[in-house]
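The values are calculated or read from the model by the stated rules, or taken from the named source; none is laboratory data. Here the structure is a predicted model, which is why all the values come from computation and not from measurement. Don't worry about glycine lacking a Cβ; one is built from the backbone with ideal geometry, like all the others, and counts go over all protein chains shown. To get the accessible areas, we keep the full protein, side chains included, count just its heavy atoms, and leave off ligands, DNA and RNA. Shrake-Rupley method; radii C 1.70, N 1.55, O 1.52, S 1.80 Å.
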Amino acid sequence: MSYFRGEADIAVIGAGHAGIEAGLAGARLGLNTLVFTINLDAVGNLPCNPSIGGTGKGQLVHEIDAMGGEMGRAADKVTLQSRILNRGKGPAVHSSRIQADRRKYQDLMKKTLENEKNLSLIQAEVVRVGIEDNRVCEVETAFGAVWRVKACIICSGTYLNGRVITGDTSYNSGPDGMLAATHLTSSLEKAGVRFMRFKTGTPARVHKDSIDFTNLEVQNGDEDIRPYSKDTDRQEFAKTAQIPCHVVYTNSRTHEIIRSNLDKSPLYSGKIKGTGPRYCPSIEDKVVRFADKERHQLFIEPMGKDTKEMYIQGFSSSMPEEVQMQMLHSLEGFENAQVMRTAYAIEYDCIDPTQLYPTLEFKDISGLYGAGQFNGSSGYEEAAAQGLVAGINAALKIKGEPELILPRSSSYIGTLIDDLVTKGTNEPYRMMTSRSEYRLLLRQDNADKRMCEYGYRTGLLPKERYDRVQKKYEEIEKEKSRMESTVISPLAANPLLERYETTPVRSGVKLAELLRRPQLDYRALRELDINRPELDEEVIETAAIEIKYDGYIKRQLSEAKKQESLEAKLLPEDIDYNEIKGLRLEARQKLNAVRPKNIGQAQGISGVSPADISVLIITLWGGNK
């Protein structure tokens, strides 16, 4: 029997990475916000790997921070090791990644929610979302408590009808032995929400003292480490005592064990029905798919300073426990390894994200939003990014203010959301730098410039932080202008050019022109640049990148402006695409299903061709592009 518990503006279902950002955004924008979690001990859990960031994902964390989100600040405070990936490649793919102290991250995030004004953190399973006249009106918990609300954000992670699978053993469960959420799916299905079934997995955790590290490769962090958040003291962060990770490889014995036991794998026996992530496959899947590879690289990572648990990145599995032990003991240094947590796969319910607007609100249910794995994505960073946008938009809608829609050209967050709501996904979606056609514009070094305007405009980013960003980029422009106007004589330049084996000059040359040469960088030009001012390292980095890649950046800016002009062409909300002559049948079906807000979004829909876009423009705007 249900009973009335109270009223609030926003209900957030789930307190993982999406739920944390959604809840904090709503509360910080002045809305009375409830955050529900099945277990308070699961707030901010890192159930898969103990790291934050990575290729494409590091950019997301920088963008979250630049908008006023929490993930970057928290990650800086619990860093065990920090690295920038892809340093040997261009700046477009440089991505931060940190090893996090798992329990300290959870404790920190829980305290942050507990201490936030306007936010109530509640342990309860939400079993029903009440909807009246296609509008969210209430949520009900398993205890029968009913809360009247104006908006609801579902951030359920892998809990919805979660099922853990190891070999022949399977049972209803959320991650890490938490209870599954077994009622909410049916409540939403009654409201017309379409669901899919995905799966993910995690490796075993091994006791550190049972590993022989003697012959394992050591992987240290970077010497020059930088925080995610611009609120973190860089000098203090640089003092972080880093813990090394290690590298081990599978071998022919490991592969033989896996191949000889494939009949016991639920992945191949048909026991697992959900679709898994293509870019993060289990070890048995890798051995089958890449049969020609003699070995696979695995990373041994600490779970925290105060625990002996070690994580084996790249070794996720759903094999029976007995087979997992054989696989593990075949690795060098793991002959006597003691397993503390057995690896498992987990299946869960998620939605078809094409049911959402780019605001992450359901098209057919006003006030209902989705974020994170509920929307078909994978990863902590992808979840946090969506939670932030959903929380902001729920608050803006209640306050009667303009909604926030991030263009693809603005950010990886915009790319992530656009991909999900226009293209949908048939597997857990993972962000990668290759997802964006504007990745040279969307670097992590300029995330603050790109995103602070959104955070400041919505009210999440303080004016002091916004003003700091503006001042930084004034300095960057000033330095770029100085480099473009400072001329060096051949007499001064040529000895340096000869040392760096690059073509000498016959007349005066600008510092910016020298910097664009592949052989030279900002540091190398120091001896020629005798009047160089003392500048912050971040100012130098961005100024140098924007000078060195000026031509490429201008080209992408031109492409981005074309995309923005298409996004400015808003499509009528009540348009019936079946009535537009010249559209192919598939295009009519897809456009009516997705209901894009603008031409830019329409052209990203799978099955809508450039010819279809031309038909729309000619029909609606008389061909004026």
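So for the chain, averaging the separation of alpha carbon pairs under 8 Å that are six or more residues apart and normalising by length, what relative contact order in percent results? The partial results should precede the final answer.
Details: 1329 pairs, mean separation 103.8, N = 625.
It comes to 17 percent, rounded to a whole number.
For the stretch 20-106, which trypsin sites (Lys or Arg not before Pro) are both in a DSSP coil and crowded by at most 12 other Cβ atoms within 10 Å?
Values: sites: Arg28, Lys57, Arg73, Lys77, Arg83, Arg87, Lys89, Arg97, Arg102, Arg103, Lys104; in loops: Arg87, Lys89.
Those that pass, being in a loop and sparsely packed, are Arg87, Lys89.
Run down the lysines and flag those whose C-alpha is under 23 Å from the C-alpha of Lys510, throwing out any fewer than 8 positions away in its chain.
Lys478, Lys480, Lys548, Lys554
How much mean residue ellipticity at 222 nm does the chain get from its helices, if each DSSP H run of length 4 or more adds -39500 (n - 2.57) and you divide by all residues, to the nearest 500 deg cm²/dmol?
On the way: 21 runs with 216 residues, N = 625.
Helix-only estimate at 222 nm: -10000 deg cm²/dmol.
Please get the size of the charge dipole for the stretch 231-390, origin at its Cα centre, with Cβ charges of +1 on Lys and Arg and -1 on Asp and Glu, quoted in debye to the nearest 20.
On the way: 16 positive and 23 negative charges, 73 e Å.
Magnitude of the dipole: close to 360 debye.
How large is the charge dipole for the stretch 496-625, taken about the Cα centre, if only the Cβ atoms of Lys, Arg (+1) and Asp, Glu (-1) carry charge, to the nearest 20 debye? Before the final figure, lay out the partial values.
Numbers: 21 positive and 22 negative charges, 129 e Å.
For this selection, approximately 620 debye.
If I take every Cα pair under 8 Å that is 6 or more residues apart in the stretch 114-257, average their sequence separation and divide by the length, what percent do I get for the relative contact order?
Values: 144 pairs, mean separation 19.6, N = 144.
Once normalised by length, the contact order is 14 percent.
For the stretch 249-265, just list the computed ³J(HN,Hα) in residue order, Karplus coefficients 6.51, -1.76 and 1.60, θ = phi - 60°, integers in Hz, with x standing in for Gly and Pro.
10, 5, 9, 4, 5, 4, 5, 5, 4, 5, 4, 6, 10, 4, 5, 9, 7
For the stretch 334-360, list residues with backbone N below 20 Å from a point placed 7 Å from the Cα of Lys190 toward its Cβ?
349-351, by backbone N distance to the label point.
Would you tell me the accessible area of Ile20, worked out with a 1.4 angstrom probe on the heavy atoms of the protein chains, in Å² to the nearest 10?
Surface open to solvent at Ile20 totals about 0 Å².
Place +1 on the Cβ of every Lys and Arg and -1 on the Cβ of every Asp and Glu in the stretch 69-130, take the dipole about the Cα centre, and give the residue among Leu113, Ser95, Ala124 whose Cα lies farthest towards its positive end.
Of the listed residues, the answer is Ser95.
From the protein chains alone at 1.4 Å, what is the descending order of accessible area for Arg523, Arg595, Arg457, largest first? Please list the in-between numbers first.
Details: Arg523 195, Arg595 65, Arg457 140 Å².
Order by accessible area, largest first: Arg523, Arg457, Arg595.
Given the convex hull of the Cα atoms of the stretch 264-371, what is a quarter of its surface area in nm²?
On the way: hull surface 41.6 nm².
Spelled out: convex hull of the Cα atoms, projected over all directions, averaged, 10.4 nm².
For the stretch 391-505, what relative contact order do you get, as a whole percent, if you take Cα pairs closer than 8 Å and at least 6 residues apart?
Dividing the mean separation by the residue count of the stretch 391-505 yields 16 percent.
If the cut-off is a Cα-Cα distance under 16 Å, which lysines reach Lys399, setting aside same-chain residues fewer than 8 apart in sequence?
Candidates past the 8-residue exclusion: Lys150.
For the stretch 432-534, report the translational diffusion coefficient in µm²/s to the nearest whole number, using Stokes-Einstein at 20 °C, 1.002 mPa s, and a Kirkwood Rh over Cα pairs.
131 µm²/s
Pop the C-beta distance of Lys77 and Arg278 into the FRET formula with R0 = 41 Å and round what comes out to the nearest 0.05.
0.80
Order the following by accessible area, largest value first: Asp222, Asp467. Probe radius 1.4 Å; ligands, DNA and RNA are ignored.
Asp467, Asp222
Looking at this model, which pairs from Lys363/Lys581; Lys104/Lys230; Lys104/Lys286; Lys117/Lys397; Lys397/Lys471; Lys286/Lys308 are more than 23 angstrom apart at the alpha-carbon?
Values: Lys363/Lys581 26 Å; Lys104/Lys230 21 Å; Lys104/Lys286 32 Å; Lys117/Lys397 20 Å; Lys397/Lys471 32 Å; Lys286/Lys308 28 Å.
Over 23 Å apart, Cα to Cα: Lys363/Lys581; Lys104/Lys286; Lys397/Lys471; Lys286/Lys308.
Show me the trypsin sites (Lys or Arg not before Pro) within the stretch 170-257 that DSSP assigns to loop and that have at most 14 other Cβ atoms within 10 Å of their Cβ.
Details: sites: Lys190, Arg194, Arg197, Lys199, Arg205, Lys208, Lys230, Arg234, Lys239, Arg253; in loops: Arg194, Lys230, Lys239.
Sparse-neighbourhood loop trypsin sites (Lys or Arg not before Pro): Arg194, Lys239.
Grab the Cα-Cα distance for Met432 and Ser609, subtract it from 0.36 nm times how many residues apart they are, and report the gain in nm with one decimal. Walk me through the numbers on the way to the answer.
Numbers: separation 177, 0.36 × 177 = 63.72 nm, distance 2.45 nm.
Result: 61.3 nm gained on full extension.
Rounded to the nearest 20 Debye, what is the dipole magnitude of the chain about its Cα centre when Lys and Arg each give +1 and Asp and Glu each give -1 at the C-beta?
Numbers: 84 positive and 87 negative charges, 203 e Å.
It works out to roughly 980 debye.
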